[in-house]
Each structure stands twice: as C-alpha cells, then as structure tokens.
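Participant: Just passing along the structure, written as structure tokens.
Rule-based calculations on the coordinates, nothing more; no lab input. The structure displayed is predicted, hence computed values, not measured ones. Heads up, the Cβs are rebuilt from the backbone with ideal geometry, glycines too, and the neighbour counts pull from every protein chain shown.
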Amino acid sequence: MIQLVFIAFALLSVVSALVVLLTNNVLYAAFSLLVTFLGMAGLYVIVGADFLGVAQILVYIGGILVLLIFGVMLTNQKGTKSQGRNDILTENTNRVIGLVVAAGMFGLLYFVFSKGHFAEVQASLFTDTPLKATTQTIGLQLMTDFVLPFEVSGVLLMAALLGAAYLSTKQK
Amino acid sequence: MNAIIALSLSGIASLFLGFSTNRKNLLITTLLFVLVALGLNLADWNHEYFWFNNMLKTDNLSINFSSVILLSTALVVAISRSFGDDEEHTHPAEYYAIMLFAAAGALMMVTYENMIMLFVGLEILSVSMYILTGSDKRNLRSNEAALKYFLMGAFATGILLFGVALVYGATGSFNIHGIGEVVSRTKKGMELFEGGVILYAGIILIFIGLLFKVSAAPFHFWTPDVYEGAPTIFTTFMSTVVKTAGVAAMYRLLSISFPAVYGLWGNPLVWITCLTLIVGNITAVYQQSFKRMLAYSSISHAGYLLITILAKTPNTNGSILFYSLAYSIATISAFAVLMIVSENKPKDGKPDESFEALNGLSVNNPFLAFVLTVSMLSLAGIPLTAGFFGKFFIFTDAFSNVSPLFKNILVVAILMSAVGVYYYFKPIIAVYMKKGEIAEIQLPLIYKITLIITTALTIILGIAPDLVKNMF
C-alpha cells in the first residue's frame, strides 16, 4: 500500500516536472510546478518528515508559486497579443547539452544509490527513532542546538531583502 | 565569533547611517566597523572555543584567515570612495551594509564546525556578491554579469548542498570533526565500507560547489564575464575576500574531515589543479583588457592555492595563509590603480579598462606607476616581493610531498608561473615604455594611505617573510 502511494506521488512529481521542462508556455510551467511541489510534499510525508511536507505546501505552493504566477501576470507581455492571446512563450535551447548534463547527473546518482547500500550504512550510523510527529523536535532543536544557524539566516534574509529593495528602486 | 556578531550588527547600523547625507562619514564609520571586527577577531587569539553547540570553532588558523579577510575588506572599503559618490549611485549605505554582511558570511566560512554554518555562510557571501555585481544598474554588462553569476552560483550552491546531504548519509554527522572520526574509523578496507560510494560522491559534489566559488578550472566560466561586468571595486572584493574564504573553507573541510581518505579526493584535485593553472595562465595571455586579464590571473592563483591544500605537509597552514595575504594585497593595489586610471580616462562614456588606458602613466603619475609595478611583480612572483615567497613556500611544500604526482604538478606550476611573467609585464611595459597622455591624477588622502599600506606590505613581506610566516 505504502509503495503504491509512493509510486503515485513519485510519478506525479516526475511527470509534472517533465511538463515544466517541455512546455513553452510559462503559465503552464508554473502550474505544473505546483503539482511537482505537491508530489514532493507527499513524498516527504511518506518518509516521516511531516513538518517538512507541510512547510513545503505552505512555503512553496502557498507563497512562492503564487508569487511566480503573479510575476507571470504582471510581466510586460508583448508579441503574441496580436493573436488575441497574451501568453508568455519561451523556447527550449541547448537541448543536447542539457540532455547530456542531466543524463550524466542521473548516471552518477543512480550509480551511487545502487552501489551505496543505504539501508546497511544507515543501520550502522543512525539509531531507529519511533515514527511520531516531528514538529516539536524541530522546534526544540531550532531554538537550542541549531539556534545559531537559525539566527544567522536572518542576516542572509536581510542581505537578500536589501538587495531586492536596492535593485528594484528607480534611479534618481 | 564576536567579529561575526559585530559585523552583522554594524551592517544594520550602517544602513541607518544612510540617512546622513555625508558620504565621507559613512566610509569612515564602515572602515571603523571593520577594524573593530578585526580587533574582536584577534582577541580570541590562542583560545580554542566551540561556539553555540559546536556550530563554530575558533582556533588560531581560523583567526588568521579571518584577519586576512577583514584586512582585505578594510582595504577595499578604504578605496571605495568614488563608487557612490556621483549622482547616479545614491545608495552608498546599502553597499557598505551588504559588504559588511558579506564579510560576516566569509568569516562563517572560515570558522565553521558544522556543515550548516558552511552553507549559511556561503549563501550570505554569495547573495551579497550577486547584488554587488549587479549594483551598477544602468550598465548592461553589470546586469548580465549579475544574472549569470546568480544562476550559476545558485546551481553551485544546490550541488554543494546535495554533497553535504550525501556526506551526512554516509557518515551520520554534520559536524566536521564527527565526519572525520567516522571516516577515519571506517577507513580500513574502504572497499568494504558500504558508505564509500556515497561518501565519494558527496565529497565530489561538495568540491564542485566550493571550486565554483574559488573559480577553479572546469568551473571557471563565469569568472571573466562577472569580473569584467561588476564595478571594479566589487571585483576587488570578489577576487580577494571570496577567494580567501572559499579556499579556507575547502582547506578546513579537507584537513579536518577527510585526511584519512586522501586517495579519494587527492587524484581528482590534482587534475583540477593542473587544469586550473594551465587554463588560467594560458588564457590570460590573450586578453586585451587589463580587468579581464586580472580575472584570469585570479583563476590561476586559485590553482596555486589548491597546490597547498593538496600538499598536506605540516607547513601548509603557514603557506596557504601567506599566499592568500600576498595575493590579496597585491590584487587590491592592482585593481585600485586600474580603477583610478580608468575612471579618469573614459572611453565612450565608460571607464576604459584595456591595457592602452595605462599607456604613459609613469610620466605624470610616478606613484601610481610604482604601485602597479610592485603589485604586478608580486603577482608574477618576482623576488623581493611577497608573491615570490608565497610561491616559494607553496613550491617547497609540493616538493617535500613524496608522491611522484607532485613532481608533475610542480613542473606545471613552474612553467605556468613563467607564462605568468609574460602577461604581468604587459601593464608594466604599458606604464613605462608606451607613449600616452595621462594628466596628473589628484589622489584623495585615503587612497594614498591604502596604496602605501599595500605596497609597503608587499615589499616588507618580500624582504622579511618570517615576520608574518612565523605568526601563522
């Protein structure tokens, strides 16, 4: 049963990711990216990372994708308006190089994961933890052991925010 | 650690100082902030601390690297006067704040103990650099450079993160000492160690991420365009601070976590080093633009720094630090002279950055010509400059390594530094022998002081390298 659900979510992610790659219409790509993220969120939940799954839905689907679609909506659209449509169309370029790089990466990862014996390695290094909700643990860890990375991410966001504000202001 | 806190806070403080209309105060305050951070950094000397649950670890090596980074930052801030001084660039407070944040990120990259801190530090530094690269908003080349750097850099960071995940899968730890422990415990019979493949792939992916940041050879394609497109002041920052931080992060990881599996990462790194040296030096010969030539030269210097990481002798700490310092100060004076001269000699409304722009500089500006000459000699590794001893220490390290592979690297490195002499002399010839008209350039006091410091340091370290080398 679990395997069926896994395969369903994995297929969902892969197929919608392929649509993102192959479609020429940016809006379609954005919407199918939404499905990809949803599939990923499902996969997270299956491996026991419930908080991550929910965060994925909240942040990526709720936040970033809406932003992306707004971006598509508000972008200056030219060219195709004469045909009564104002889609933003893109072209796929450098297909061969992209395919080679992707195939190389896939080959490397396939080799690693097939040879790696993940289950055995993990048995020797990690202790089994009972499957339970992870939110409390994550919250505690974030405020105790990992408080420095948590705080320092603030500096990162500050720099990014500053940059966004600067780059989008009008020149005097 | 205190320096990181100080830099983050002073970054925000300098944002508020943007309300003040006096640009000069802003520069002086930022300089002061960096110097305060430098002082706080040195205060930890000879104390080994673990901070915040093993997130960071300050030791003398990391303090030395931090000092090199903060010194470079201070020198870059000191020559940043002209940028943001005209009407078009009205936001100097933002640049200074972002530079301070970037320095804080760089410090995290050299003091990290947990891989998370490496990632966050790298991201802070990278994001700041993407912004600074594109800060000349009206210049199309600057925009192109920023976008290119951002897209490629985001991929490199993703790959690095993937590598971190794989290393965690293979060793069960994010802590670099913890990783080292697991790796050395399971080292015997690496073939039987099931995590071997995962670990190997993880190391390679982390390598790709970090080598991209230091612009080593197969991952260097962004370097010339980004260096050329970015405003010169930020190119200086990129080629000194980012490179030192990247090399230090890599050295820290390899010397603490993976010394036991030298065989795994040593061989690929040897090829990468040779390729970096050859590509950087040979391509630099063909450049018409001084700035682009310096970009390729920075690729080749990444190659020399990689040799020290590979050499793995007891002297490595000292050599790598000395080389970073010598390279940073020489690069800062070279870029400073380029910036001053090109801004005074616009061509088609933009600063002229070709070699011809330097023609005849020595006639009316003997000081600038001298500074440029010393820095070029140092980068080429001519005796009596710091660069010579930097290369000397690196080659000695490589020579004392018993592996026969190292003799090959040494041959490549020496041949390539001979090639380097050719293109580093091009600007010197332009300055002293070519005819050209450059009126006398009035240097602000702070430029003079900075250039005197970098040049004096280059010469002093070239005559008495032990002054600093023994400290490391």
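Participant: In a GNM of chain A with a 10 Å cut-off on Cα contacts, which of A:97, A:88, A:46 has the highest mean-square fluctuation?
Facilitator: So, out of A:97, A:88, A:46, the one fluctuating most is A:97.
Participant: Once you have a ≥ b ≥ c as the square roots of the Cα gyration tensor eigenvalues for the range B:287-349, tell me rounded if a/c is under 1.5, and otherwise prolate or oblate according to whether a/b is larger than b/c. Each step should come with its number before you reach the end.
Facilitator: Details: a/c = 7.10, a/b = 2.53, b/c = 2.81.
Cα axes put the range B:287-349 in the oblate bin.
Participant: Hey, how much of the P(r) for chain B falls beyond 45 Å, as a percent of Cα pairs?
Facilitator: Details: 8243 of 111156 pairs.
So the pairs more than 45 Å apart make up 7 percent of the total in chain B.
Participant: I need two numbers for the range B:56-162: Rg to one decimal and Dmax as a whole number, Cα atoms only, in Å.
Facilitator: Answer for the range B:56-162, Rg first and Dmax second: 15.3, 45 Å.
Participant: Roughly how many Å is it from the Cα centre of the range B:102-170 to that of the range B:353-398, as a whole number?
Facilitator: A separation of 30 Å, based on Cα centres.
Participant: Dividing the convex hull volume of the Cα atoms of the protein assembly as shown by its residue count, what figure in Å³ per residue is obtained? The partial results should precede the final answer.
Facilitator: Numbers: hull volume 110.0 nm³, N = 644.
Hull volume over Cα atoms, normalised by residue count, gives 171 Å³.
Participant: Then there is this: Can you tell me the FRET efficiency between residue A:140 and residue A:59 if r is taken as the Cβ-Cβ distance and R0 is 30 Å, rounded to the nearest 0.05? Walk me through the numbers on the way to the answer.
Facilitator: On the way: r = 21 Å, r/R0 = 0.69.
For residue A:140 and residue A:59, the calculated efficiency is 0.90.
Participant: For chain A, set up a Gaussian network in which alpha carbons nearer than 10 Å are linked by springs, and say which option among A:34, A:67, A:156 fluctuates the most.
Facilitator: Evaluated over chain A, the most mobile residue of the options is A:156.
Participant: Something else about it: Roughly how tilted is helix B:290-311, in degrees to the nearest 10 and between 0 and 90, from the longest Cα axis of chain B?
Facilitator: 30 degrees
Participant: Assign one of three labels to chain A, namely rounded, prolate or oblate, based on the Cα gyration tensor with a ≥ b ≥ c the square roots of its eigenvalues; rounded applies when a/c is under 1.5, prolate when it is not and a/b is larger than b/c, and oblate otherwise.
Facilitator: Details: a/c = 2.00, a/b = 1.34, b/c = 1.50.
It is oblate, given that a/c is not under 1.5 and a/b is not larger than b/c.
Participant: Something else: Pick out the long, greasy-scoring helices in chain A: whole DSSP H runs spanning 24 Å or more along their own axis by Cα, mean Kyte-Doolittle at least 0.5. Don't jump to the answer; show the numbers that get you there.
Facilitator: Working: long enough: A:2-22 (30 Å, 2.80); A:26-46 (30 Å, 2.10); A:95-115 (29 Å, 1.66); A:147-168 (32 Å, 1.75).
Within chain A the helices that satisfy the rule are A:2-22, A:26-46, A:95-115, A:147-168.
Participant: Where a ≥ b ≥ c are the square roots of the eigenvalues of the C-alpha gyration tensor, would you call the range A:106-166 rounded, which needs a/c under 1.5, or, failing that, prolate if a/b is larger than b/c, or oblate? Kindly include the intermediate steps, with their values, before the conclusion.
Facilitator: Working: a/c = 3.55, a/b = 1.50, b/c = 2.37.
Taking the square roots of the gyration eigenvalues as a ≥ b ≥ c, the range A:106-166 is oblate.
Participant: R0 = 51 Å: FRET efficiency of residue B:407 with residue A:117, Cβ-based, nearest 0.05?
Facilitator: Plugging the Cβ-Cβ distance into 1/(1 + (r/R0)^6) gives 0.85.
Participant: What value, in deg cm²/dmol to 500, does the helix sum -39500 (n - 2.57) over DSSP H runs of n ≥ 4 give at 222 nm once divided by the residues of the protein assembly as shown?
Facilitator: Numbers: 28 runs with 459 residues, N = 644.
One gets -23500 deg cm²/dmol as the mean residue ellipticity at 222 nm.
Participant: Of B:345/B:391; B:345/B:448; B:57/B:407, which sit over 31 Å apart, Cα to Cα?
Facilitator: Numbers: B:345/B:391 34 Å; B:345/B:448 19 Å; B:57/B:407 35 Å.
Distance filter (> 31 Å) returns B:345/B:391; B:57/B:407.
Participant: Also: Taking Cα pairs under 8 Å and at least six residues apart, what relative contact order does chain B come out at, in percent? Numbers along the way, then the final one.
Facilitator: On the way: 783 pairs, mean separation 66.5, N = 472.
Once normalised by length, the contact order is 14 percent.
Participant: So which trypsin sites (Lys or Arg not before Pro) in the range B:261-329 are both in a DSSP loop and have at most 10 other Cβ atoms within 10 Å of their Cβ?
Facilitator: Working: sites: B:291, B:292, B:312; in loops: B:312.
Qualifying residues, ordered by number: none.
Participant: Further question on the same structure: Please enumerate, by chain and number, the lysines with C-alpha under 27 Å from the C-alpha of residue A:170, excluding those fewer than 8 residues away in the same chain.
Facilitator: By straight Cα distance, residue A:170 reaches A:78, B:24, B:137, B:148, B:347, B:350.
Participant: Could I ask something else about it? Kindly provide the pair-distance distribution of the range B:327-465 built from C-alpha pairs, with 10 Å bins from 0 and whole-percent values in order of increasing distance.
Facilitator: In whole percents, the pair-distance histogram is 12, 37, 30, 14, 6, 1.
Participant: If I take R0 = 60 Å and measure r between the Cβ atoms of residue B:449 and residue A:124 in this structure, what FRET efficiency does the formula 1/(1 + (r/R0)^6) give, to the nearest 0.05?
Facilitator: Values: r = 59 Å, r/R0 = 0.99.
According to the calculation, E is roughly 0.50.
Participant: Trypsin sites (Lys or Arg not before Pro), restricted to the range B:103-166: which are DSSP loop and have at most 14 other Cβ atoms within 10 Å? Don't jump to the answer; show the numbers that get you there.
Facilitator: Values: sites: B:137, B:138, B:141, B:148; in loops: B:137, B:138.
Loop-located and lightly packed - B:138.
Participant: A further question on this structure: Could you tell me which chymotrypsin sites (Phe, Trp or Tyr not before Pro) in the range B:195-298 are loop residues by DSSP with no more than 16 other beta carbons within 10 angstrom of their beta carbon? Kindly include the intermediate steps, with their values, before the conclusion.
Facilitator: On the way: sites: B:200, B:207, B:212, B:219, B:221, B:222, B:227, B:234, B:237, B:251, B:262, B:265, B:271, B:286, B:290, B:296; in loops: B:221, B:286.
Qualifying residues, ordered by number: B:221, B:286.
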